[in-house]
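Please treat every number below as a calculation from the coordinates, not as lab data. What you are looking at is a predicted structure, and each value in this text was computed from that prediction instead of being measured. Glycine gets a Cβ as well: all are built from the backbone with ideal geometry, and neighbour counts include every protein chain shown.
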Amino acid sequence: MRLSEKQSDFLWMVHDLWSYVKQIDTGKLYLKVTSWTRTPIEQKLLLENGATKTLNSNHLSGLAIDLQWMDSGQPVNDSPLYLKMGEYWESIGGRWGGRWQMPNGDWDVYHFEYNEKRRRDARKDQNG
């Protein structure tokens with residue numbers, strides 16, 4: 001699959017996630033995109049600051065997005081909504097960062113990325 005096809009499929013996955021979130025009672029919380037595509041320089045700075053484990057991120061090719069819940073303009077770092085989103089994301093074939101720890105010990109619950117094999121498998125499961 002070409003990169004442009006993966007990016008298109010990823011956008012549909014993000015759309016599906018957003019539609020799923022709209023069905024959840026989030027109270028006064030709202031979602032903010034905190035990172036989508038990054039340059040290699042941005043990725044290197046994140047690595048140097050301990051905010052990532054790799055220079056080879058899916059953000060570099062537009063196949064990852066970071067989403068953060070906000071409350072009155074303030075980030076919400078601990079919410080069960082991340083798990084709901086992560087489980088939904090995985091059910092449609094994505095890879096969720098909430099399954100791995102960052103170098104600083106935090107779980108990367110904000111990270112949602114494309115995984116071609118998981119996506120293909122999820123589609124097979126859904127279509128029987």
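Worth pointing out:
- Any hit, the stretch 10-22, residues being among the hydrophobic types (A, V, I, L, M, F, W, C), surrounded by 15 or more Cβ atoms within 10 Å (Cβ to Cβ) and over 16 Å from residue 93 (Cβ atoms): yes
- When each of 103, 75 is tested for being part of a loop (DSSP other than H, G, I, E, B) and surrounded by fewer than 16 Cβ atoms within 10 Å (Cβ to Cβ), the lone residue that passes is 103.
- For the stretch 36-58, a tally of residues being in contact (Cβ under 8 Å) with a residue 40 or more places away in the chain and buried (at least 16 other Cβ atoms within 10 Å of the Cβ) returns 2.
- Sub-9 Å Cβ pairs linking a first residue in the stretch 1-21 that is in contact (Cβ under 8 Å) with a residue 24 or more places away in the chain to a second residue that is part of a helix (DSSP H, G or I) and of a type in the set (Ser, Thr, Tyr), at least 6 apart or interchain, are 3/61; 6/61; 7/61; 16/88; 17/88; 20/88; 21/88, ordered by first then second residue.
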